[in-house]
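All of the numbers you see were taken from the coordinates with simple rules; none came from a lab. Keep in mind that what you see is a predicted model, and the values were worked out from it rather than measured. So basically every Cβ, Gly included, is an ideal-geometry build from the backbone, and we count neighbours across all protein chains shown.
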Amino acid sequence: MIRQTMQEAIVAGIAEEMRRDADVFIMGLDIGRFGGPLNSCKGLWEEFGATGRVIDTPISEGAIVGAGVGAALAGKRPIVDIMFLEYLPLVIQQLGCDGGAMHYYSAGKARVPLVVRAKYGVGPYHGHPYDFHAWLMQTPGVKIAVPATARDAKGLMKAAIRDDSPVLFMEHMALYHGLRDAIPEEDYVVPLGVAEVKRAGRDVTVIASAAMVRRALAAAQALAKEGIEIEVVDLRSIVPLDEATILDSVRKTGRALVVQETVCFGGSTAEVAALIAERSFRDLKAPVRRLGTAYVPVPFARSLEKAAVPDDAAIVAAARDLVSQ
Amino acid sequence: MVTLSLDEGLRLYRTMARIRAFENAAEEASRGGVSAFGAALSASVRVRGPLHLSTGQEAVAAGVCAQLTTADLITSTHRGHGHTIAKGASVERMMGELFGKVSGCNGGKGGSMHIADFSVGMLGANGVVAAGIPIAVGAAHALKLRQRNALVACFFGDGAINRGPFLEGLNWAAVHALPVLFVCEDNRWSATTATGAMTAGDGALARAAGIGVPGERVDGNDVFAVHAAAAELVAQVRAGQGPRLLHAITYRVKGHVSVDPATYRDGEEVDRALQDDPIPAAAARLRAAGVAAEALAQIALEAEREVAAALAAASAAAWPDRAASYSDIQDTGSDRWLV
Amino acid sequence: MACLSYAQAGCLALERAMAADPAVVVLGEDVGRGGIFGQYRGLQQKFGTARVLDTPISEATIMGAAVGMALAGLKPVVEMRVVDFALCAMDEIVNQAAKARYMFGGQGRVPLVARLPIGIWTGSAAQHSQSLEAWFAHVPGLVVVTPSNPQDNCSLLAASLECGDPVIYMEHKELWTVEAEVDPTAKVPLGRASVLRAGADVTLVTWARTVQPALEAATAAAARGVSAEVIDLRTLWPWDRETVLASAARTRRLVVAHEAVRVAGFGAEIAATVAEELGIPVRRVGGARIPVGYSKVLEDAARISAAAILESLLQ
């Protein structure tokens, strides 16, 4: 085991795949000698730069992702770093509608093994927090990985690179340089579409992802003192959604709270909650509940930002309320 | 400086001095901010969000905006403090915005990357490269349709010419002969990547010429040259001849954001750029024209005092009320944000 | 009253607004010739080339310019041809139009109406057939309107032009030729659903093109002894939560039906809200998570049929 941050683990995962498969390469703005914003590609230039597999690009997001689709169609396995998920609107045509649909258009002949990396989230790097991944949840053909721990991040990245579909790989900035995690030294993948129960409990299922997993675990600890046992399901992938793990947990606890940092209204929390309401209705002891960011743009001022995003206390309060019903 | 009065020269100098003082103070206040570039966020930081400084680029903002009237509009970039000050915004309200205080020109909702002051015709900085170009074009189109005798100055960086809106926006402005002065403020760096190596062909001016937008290249560190070139192009735009492009060559002496040490750059390149500081260069020219050194020192001192007062006011100002999170979004359905 | 098509009804609303307010302008590809669906027919002849503005194929700049126009005092109507092409202008919609008022602290407003037609339409295949209304409803700052009939298309377009906010106005392409009596002076407020059929056993929420199969399904269900209340949502943001919750509280069952892909569609929001608030059984009927195929057989596989809705109503 080695101990790494999420940023280090992701880069290590990419480097291992680049060593394993000469078709894997990476491109994006500032990823070369500079090592990528927030060190997102640190060390890749030194190891692979001379072979032309670490490509600095101009500020042409749409063209870069479009080129990634093209390179994937032509047999390579590109990774594109678009810096921030806030730029998803600039690449949605290329990633969602071109990348996602090519396999279908070609009646299965073409494959688009493309990974698009993007940093996001309300965190220490105050800026670029937007997260509209729900768009891609509705877009056929694209997968979405959303790691909460360094270990999962590395395994998901390796799975994403080996996958034959376009994958949006979401890297939360508040987790990036945070806690170190024990990482196996041997080769491993975390398969796309497999959630993990990060803490077992009998009373309430909290379904979360990324930074909200940590908040849910903190809330679970607080509630354990009151005798309320929360089961924390970390989605790890938004697409494919691990319906079985979600529904199994809800069957056990009978209560479900879906938590995400993204805007709650019309977001992927709605899909998860609707799924539970449709499929687990008879298991539910209380109505399903969602927690997410208010339906406002993310404001700059700290006092306004706090008002907009759910915290540990909100999870505790919601879980407590569910149990009381 | 042939066509420039001493008063005008001193005004340009004062604008540059005010921008420099603002950027220096903002840089200082941002230490410990944005945890990019390896450093952790300090709990006591005053300017916590990404801060893109225009230090060393003051001559472009000062020279261009001196040719604008209060009726004229501007759009800006993520590196927009200089343009905002030069267009006449209050330094105190700008600093309040950087601090995220209710006294800020955007009430704390925008921060540095979205700083705006509509009362002086400053239609906003922008967090997305090249996104201000179509907005400037549309604003100019509105001025034309509303038969207003005014123009839009559209500032963007060298990196923006590699995004689609540059082509689309210039084409549109040329097709409709819109009153836009496009200003490519070329500081040679796209975030942490040298733009030259990423840009095919002969750059902004050549691309503009291909679309039928004439322009001029100018030493963007010579405020008097910028002022003169802008005068000529602005006159053509005001005469109804259609859009023009000013390609001002300058240099980004700071990192991409204020906490970026920019170690990816060649030290000699930065040293050379520091030798070419637009403010001492302007001072030397003014001195040669007979301005006393004390007068220039006095201007710098006043600028620093103004900024010190702005810092104090920003520190003392209140935070926005949480309820402000839920205003200024829409009128339609405006009671339902907490869904 | 006059018998008008859905396209003509929208055109009439726009004509009236342009006559009343010189700040209203139209811009987009082919609007001078009346638009590819005829929804701007005659406007350029009437109001001139300056106010009905033909543009190059520059979606990002059409949308961005409209934001600039709005900030500078006009009320632009933006033609995007189909929602699929608006994906080339997503930055301008999501990061600029939707947020300008907020991030500038209320200093400027963006009163614009962007027309982004949705839906499956005779062999238009994967890039001209999508229904992406949920994407825009998810973005704070936008109003999302989905009219289902000529009267609503006239009244809701008029309301959109008056509301002063950025509006994503989504006409369904298969409805353009549907005709009905239209009263151009009739008002329909944004955010108010319409109960098209009263019922006691199940609440059926839908909008746009899917209203037709929903009504057919309700009729068929009635014949089988199930009384469905059919609600045409009309606007997705703001959505008429009160009407839907009141109906569902009474019927104790909810079905939502839409043509858009079911997964993460706007039906998820409605189903989740009703499940949270009332704890009653909910069902969603929506498109499979597949692109819309070209061949009629494949296209039909992506459609929502009355039979599929009926099946959910009877469950």
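List of remarks:
- Across the range C:242-250, rounded Karplus estimates of 3J(HN,Hα) from the backbone phi angles (6.51 cos²θ - 1.76 cosθ + 1.60, θ = phi - 60°) give 4, 5, 5, 5, 5, 5, 5, 5, 7 Hz, Gly and Pro being marked x.
- Rounded, prolate or oblate (a/c below 1.5 giving rounded, otherwise prolate when a/b exceeds b/c) for the range C:232-288 by Cα gyration tensor: oblate
- Lys, Arg +1 and Asp, Glu -1 on Cβ, resulting dipole of the range C:96-187 about Cα centre, debye, nearest 20: 520
- For the protein assembly as shown, a crude dipole built from +1 on the beta carbon of Lys and Arg and -1 on the beta carbon of Asp and Glu, taken about the Cα centre, is about 1180 debye to the nearest 20.
- Test item: A:91-103 mean partner chain Cβ contacts at 10 Å: 4
- Per-pair calculated FRET efficiency, R0 = 22 Å: residue B:268 and residue A:50 via Cβ, rounded to 0.05: 0.35
- Taking amide H as placed 1.01 Å from N in the peptide plane, residue C:237 has its amide H under 5 Å from the amide H of C:144, each at least 5 places away in sequence or on another chain.
- Percent of Cα-Cα distances greater than 52 Å, calculated over the protein assembly as shown: 16
- Amide proton proximity set for residue C:285, modelled H, under 5 Å, gap of 5+: C:256, C:257, C:258
- Highest-first arrangement of B:19-28, A:206-215, A:134-143, A:302-311, where packing means the average Cβ count within 10 Å: A:206-215, A:134-143, B:19-28, A:302-311
- Ratio of the Cα radius of gyration of chain C to 2.2 N^0.38 Å, where N counts its residues: 0.98
- Zone residues, the range A:71-98, relative to residue A:110, backbone N less than 16 Å from point 7 Å out along Cα-to-Cβ: A:71-78, A:93-98
- Using the Karplus relation 6.51 cos²θ - 1.76 cosθ + 1.60 with θ = phi - 60°, the per-residue 3J(HN,Hα) values for the range A:229-243 come to 9, 9, 9, 9, 9, 8, 4, 6, 10, 8, 9, x, 8, 7, 4 Hz, with x marking Gly and Pro.
- The range A:1-99 - charge dipole about Cα centre, Lys and Arg +1 at Cβ, Asp and Glu -1, debye rounded to 20: 200
- Pair residue A:2, residue A:226: separation of 7 Å Cα→Cβ label points (nm): 4.3
- Look at the stretch C:67-79: the mean tally of other chain Cβ atoms within 10 Å of its residues' Cβ atoms is 6.
- Of all DSSP beta bridges in the protein assembly as shown, antiparallel share, percent nearest 5: 20
- Put a dot 7 Å past the Cα of residue B:69, heading toward its Cβ, do the same for residue C:277, and the two dots end up 5.4 nm apart.
- Remark: the residue B:209-residue B:284 segment gains 23.5 nm on full extension, using 0.36 nm per residue and subtracting the alpha carbon distance.
- Per-residue mean of foreign Cβ neighbours for B:311-322 is 2 (Cβ atoms of other chains, 10 Å radius).
- Dipole-positive endmost among C:257, C:290, C:24 within chain C (Cβ charges, Cα centre): C:257
- Taken over the C-alpha atoms, the range A:84-155 has Rg and Dmax values of 13.8, 45 angstrom.
- Were the residues from residue A:314 through residue A:252 laid out at 0.36 nm apart, the gain over their Cα-Cα distance would be 20.0 nm.
- Rounded to 5, the percent of DSSP beta bridges in the range C:194-314 classed as antiparallel: 20
- Cα gyration tensor, chain B - rounded (a/c under 1.5), prolate or oblate: rounded
- Label sites at residue C:20 and residue C:315, each approximated as a point 7 angstrom past Cα along Cα to Cβ, lie 4.4 nm apart.
- GNM top mover of C:89, C:114, C:301 - chain C, alpha-carbon springs below 10 Å: C:301
- Residue-count net charge about residue C:106 - beta-carbon cut-off 15 Å; Lys, Arg +1, Asp, Glu -1: -1
- Sorting B:197-207, C:16-26 by average packing, meaning the other beta carbons within 10 Å per residue, from highest down gives C:16-26, B:197-207.
- 0 to 90° range, to nearest 10: angle between helix A:211-224 axis and chain A longest Cα axis: 20
- For residue C:25, residues with placed amide H under 5 Å, excluding near neighbours: C:75, C:77
- The alpha carbon gyration tensor of chain A gives principal lengths a ≥ b ≥ c with a/c of 1.5 or higher and a/b greater than b/c, which makes the shape prolate.
- Under the Karplus curve 6.51 cos²θ - 1.76 cosθ + 1.60, θ = phi - 60°, whole-Hz ³J(HN,Hα) for the range B:76-87, x wherever Gly or Pro sits: 9, 10, 4, 9, x, 4, x, 4, 5, 5, 5, 7
- Extension reserve of the residue C:30-residue C:252 stretch, reckoned as 0.36 nm per residue once the Cα distance is removed: 75.1 nm
- Computed over chain B with a Gaussian network model linking Cα atoms closer than 10 Å, the most mobile of B:18, B:244, B:48 is B:48.
- Look at the dipole of the protein assembly as shown built from charges on Cβ: of B:316, A:134, A:233, the Cα furthest out on the positive end belongs to A:233.
- Modelled FRET efficiency - R0 30 Å, residue B:177 with residue B:197, Cβ distances, 0.05 increments: 0.30
- Percent of beta bridges antiparallel (DSSP, chain B, rounded to nearest 5): 10
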